[in-house]
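This report refers to the structure that appears directly beneath it.
Values in this text are rule-based calculations from the coordinates and carry no lab data. All of these numbers come straight from a predicted model, not from anything done at the bench. When we count neighbours, we look across all protein chains shown, and the Cβ atoms used for this are built from the backbone with ideal geometry, even at glycine.
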Amino acid sequence: MISFSVRRWVAIFCLMIAVTGLGLNSYRKLPLEELPKTDVPYITVITVYPGASPAEIETDVAKPVEDAISSVDGLKNLSSSCLENICQTFLEFQVGVNTDQAANDIRDKLDTIIRDFPDGVEKPIVLKYDINAQPVVSMAVAGTRPLDELFDYADNEFKDYFATVKGVAEVRLIGGAKREVQILCDRDKLAARGLTALDLVAAIKSEVKLIPAGRITQDGEEFPIKFDADYKTFAHLETLEIANKDKSRIALKDVAKVVLASEERRQAAFINKKPCVAVQIVKKADANAVEVVKSVREKFESLKYEVPGGVEPIWVSDMGSFIEASVNSAVNNIWQGILLTALLIFFFLYNLRTTLTVVVTMPLTVIAGVLFIYLMGYTLNTVTLLALGLSVGILITNSIVVLESIIQKINEGKSSAQSAVLGAQDVLAAVIASAGTNVVVLFPITIMKGIIGQFFIPFALAMVGITVISLVLSFTLTPAVAGQIIKKDNSQNKLLAKAEALQNKYFDLCTERFIKLLDGIITRKWLSALVLCIAAILFVHSFYLVKQVGFTFLPINDRGEVIVKLEFPPFYSLENTVTRVAAVEDLISDVPHLKNRLTTVGKIDGSVGQTSEGVYLAQIVCRFSDKTERDSSITDLRNLINARLNGLPDVLITTSLPDQVGGGAEIKMIIRGSDLDTLDNIGEMLVKDTLNSSLVQDIDSSVRPKKKEIRVVPKRAVLSDLKVPATRLGMVLRTAIEGTKSGTYKQDARTYNIRVKLEEQEGIDKIARLDLPGPPGYPVILENFAEISQQEAPVMISRHNKGRVVFYYANPAFGAPLAKVAAELEKKVNGGNPLPAGYSVSFTGKIEAMNESIDDFVEVGIIAIVLTYLLLAAILNSFAKPLIILLTIPLGLVGCVWSLYLTGESISVMVLLGGVMLVGIVVNNAILIMDRANLLTEQGKAPKEAMFDALRVEMRPVVMITLAAVFGMLPMGFDSSLGSELRTGIGLASIGGIIISAVLTVLLIPIIYSLFAKGKKQ
């Protein structure tokens, strides 16, 4: 291959041009995403039971649903939140489970129990959570029109306008209510005629219908037949006959009003305090976020000129601009790294031709890597761009080693073509070994399990592909270019020649002095032992620093948003909540750099696709200018908001930042038991004990003050005497208050539900005087046949794995590592008052994911070290010598931890990924030195002299490849642009590990090699 490349250099150049063209074309086509596409195994089952309390939801819905679906294959955890009117059942599956099949199995199992639900329970909705199918655009429909008209426009026109955009899966609306035809019954008029609201329901259900009756044929023509009993106008509907008593027809208009109005509002939305309808655009799982946002934006811009008067569409925020900026900054890091590395190489070579020979492989490696990513079906995202970014400085080392060997052959007097072939062949084994270590450490990542494993598999495969590409280029393009442009008599600028000579002089002088220092250390055994002891102490001390640095799951990503969640007392009405939220907005409206605020009342976002609903809940999404346009970090702005809102009465306030892996509190603790009151006491105690802790903030639990409710208990004996079923009493009660859907009404191509309800509802005394069906024609009063009382009931009942639980939530204080906080909380729980028998505490959520990730990376690291050892043993044909090389791995750990400690970064899963990569990187310098020393030893030199001569030859390549790797990562490690947080940690850790490892390698490897040689001789 090497000889062919040198001889047929034109063919090699043509191949590279073709690869460049294909790579650039692939870059144009590659979709942009923030994270790799993964199959996150979560499914949510939502069951609505209008008017039901949490206790009724638990008994009538949650338990039957859990019993039915708990046997689904691959289920890991099962949780339920029993709220007023709704049950959310959350299923977490083992990674690798086919969630499409699991969702079908769940639907099949639910179909078997639907008939056992109480009347009024709606059919459960099964939703598969897909991390890739997320809201990508937030908009608002505001204006001067009444809110019900705004919602009607948003629901029937605005929503449909964007639903047809390619890649859009769903358009969600928050902040209004659908219109419906309301039959508002007059209590007194009904009573005077001996009727109840149920009589109206029955009449509408039986009289307002459109029934297809089939088809007939006449004279060769086919005619469909429809029985049309629909009412075309309100005036027509008002004539509907409800009853006929004493030969007197009673029409609907005699006992009720017919109006077109909004359903009961349970949600509200505001944009900068102006009432609006909030709109979320959710993309399809396989759609590209950036392209969807662009398409939606184009539609939005054209729609602005078509909206009716009094309607104002507002673009609030989108994910596309952040993703695009993040990808662009990562791409800029790559080209900046290439430029810095090129300048560094020129500084060492002082020759444009020799510099070009090496530098040309860097952009080609990246471009070919893009082609590989495209062919693998991946996207350009944080993870694949990390692979491209890390390859810049690391993989150039292969070409540097080949070039140095070629130059040595030229200096020996051989021709350019001959030098290109022989020089590349001389270092073939060493370069393959070096590249091989990079590959074998990546292999264990490809078999990682868990969610994090799915994220990093594209990284590992991309790095393997790019490493192979770099290896091929080193032995094809580099010799081909060198054979054509590097000559022994290359003319060189005199100034550059002097600079090169001066640099070579001082570099050689420093190398000789360093070798002299090494000779002195090796000669004195006690000094050798001292140096090794110091290295060992540094290694051991790094474990202490690990505790100081701490672990976190993922670094904070500044997206320019702070989410403020507000929870008021559960007895608050929607109007009260809206009033209080407006006061909160006034307090934060002048926070610096705040661009807009989108507020929703009645519905807030939770973790991994979940939501919480209730008129006492609110959420304010504060959108700030991009971090490149402000002098305050998003954490500073969040702390300022916390300070402004601190001390507000009768409200629980939590602030958070958007999360790229599902959202929710970083710390989540489960307290398990059977009695609700005991669970509540434990949860309240834990909140109280940690309220003043400096390690946590945003402390919360699922414990809530109980909400008052009116309970109506039928007097069964009295009802039995009157031959009135108790369930009929309950249906009248629901019809009077909640209303009962009894049919549909069509008007202007729209269909509206018909709801029958009482016109007056407020006040307990009104409920007590409800008319109930008694003997035919003789309604009775509710308070005479039922006991009416006020009771307290829980706002929410939480369940986990079919048992009752209470959740404790918190976020680490700024700068507090997640692992340290979790350890302190565990101490507090276990060291305090003992839990009652049958009660237990465990961590879940991100702490559990972090611990699993650490365990996975430890396993991956061990496998990587073993595979590296086996590869080196095979190459060096020795089981002992690879052990010397492997000693560079802990040296890399020392540098990695120190760099994190000095820069204030925590150890995250991204840093752990860099740590695994370092296993394959830091051994490369030792491989070069050991390979050269072994070669000289085989030629008859003494081990110490062989090592010193190896240092004289390889010191320059070692310094060059070390600095090349560092310079290639500098833009990544010190970047502050949008989306850089995920890359900074791995960049800094890698830089520190490579530098310290290189310094300690050239110091310790000769000492250990000398001791090894002496021991072997003895």
Cα-Cα over 23 Å, subset of LYS205/LYS715; LYS565/LYS846; LYS565/LYS757; LYS449/LYS846; LYS166/LYS846; LYS189/LYS232: LYS205/LYS715; LYS565/LYS757; LYS166/LYS846; LYS189/LYS232
Mean Cα-pair separation over length for segment 41-129, i.e. relative contact order, pairs under 8 Å, 6 or more apart, %: 46 percent
Coarse-grained scattering of segment 324-388 at q = 0.12, 0.17, 0.21, 0.22 Å⁻¹, given as base-10 log I(q)/I(0) from a Debye sum over alpha-carbon atoms: -0.36, -0.65, -0.85, -0.90
Residue pairs, from the table LYS29/LYS76; LYS547/LYS627; LYS178/LYS257, whose Cα atoms sit over 28 Å apart: LYS29/LYS76; LYS547/LYS627
Whichever aspartates and glutamates have a C-alpha closer than 12 Å to that of LYS881, once near sequence neighbours (fewer than 8 apart) are set aside: ASP931
Built amide H within the under 5 Å cut-off of ALA52, gap 5+: ASN85
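Which of rounded, prolate, oblate describes segment 488-550, given a ≥ b ≥ c as roots of the alpha-carbon gyration tensor eigenvalues and a/c under 1.5 marking rounded, otherwise prolate only if a/b is larger than b/c?
oblate
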Size descriptor, Kirkwood hydrodynamic radius, that averages inverse alpha-carbon separations across the chain, Å: 33.4 Å
Mean Cα-pair separation over length for the chain, i.e. relative contact order, pairs under 8 Å, 6 or more apart, %: 17 percent
Ordering of 730-739, 983-992 by burial proxy (mean other Cβ atoms within 10 Å per residue, highest first): 983-992, 730-739
Tilt relative to the chain, helix 634-645 - C-alpha long axis, 0 to 90 degrees, to 10: 30 degrees
³J(HN,Hα) computed for each position of segment 971-985 - Karplus, 6.51 cos²θ - 1.76 cosθ + 1.60, integer Hz, glycine/proline x: x, 5, x, 10, 6, 10, 7, 4, x, 6, 4, 5, 9, 4, x
Lys/Arg +1, Asp/Glu -1 at C-beta; the chain dipole; positive extreme among PRO50, ALA837, ILE737: ALA837
Pair LYS723, ILE17: separation of 7 Å Cα→Cβ label points (nm): 10.0 nm
Karplus-derived HN-Hα couplings along segment 104-118 (A = 6.51, B = -1.76, C = 1.60, θ = phi - 60°), whole Hz, x at Gly and Pro: 5, 4, 5, 4, 4, 5, 5, 4, 6, 10, 4, 5, 8, 5, x
Segment 834-848 residues near the modelled SER674 label - backbone nitrogen below 14 Å, point 7 Å along Cα→Cβ: 836-840
Cα-Cα separations in segment 522-618 greater than 21 Å, expressed as whole percent: 62 percent
Coil-residue trypsin sites (Lys or Arg not before Pro) of segment 244-330, DSSP, other Cβ within 10 Å capped at 13: LYS247, LYS273, LYS304
Derived scalar couplings ³J(HN,Hα) [segment 187-195; Karplus, 6.51 cos²θ - 1.76 cosθ + 1.60; whole Hz; x for Gly, Pro]: 4, 5, 5, 5, 4, 5, 9, x, 10
Options ILE641, VAL327, ILE250, ranked by Cα towards positive dipole end of the chain, top entry (Cβ charges): VAL327
Contour excess over end-to-end distance, with Cα ends at VAL858 and ALA536 and 0.36 nm allotted per residue: 113.9 nm
Net charge, ALA213 excluded, C-beta distance under 15 Å - Lys, Arg +1, Asp, Glu -1: 0
Helical contribution to [θ] at 222 nm, DSSP H n ≥ 4, -39,500 (n - 2.57), averaged over the chain, rounded to 500: -17000 deg cm²/dmol
Under-5 Å amide H pairs with SER625, H placed in peptide plane, nonlocal only: LYS595
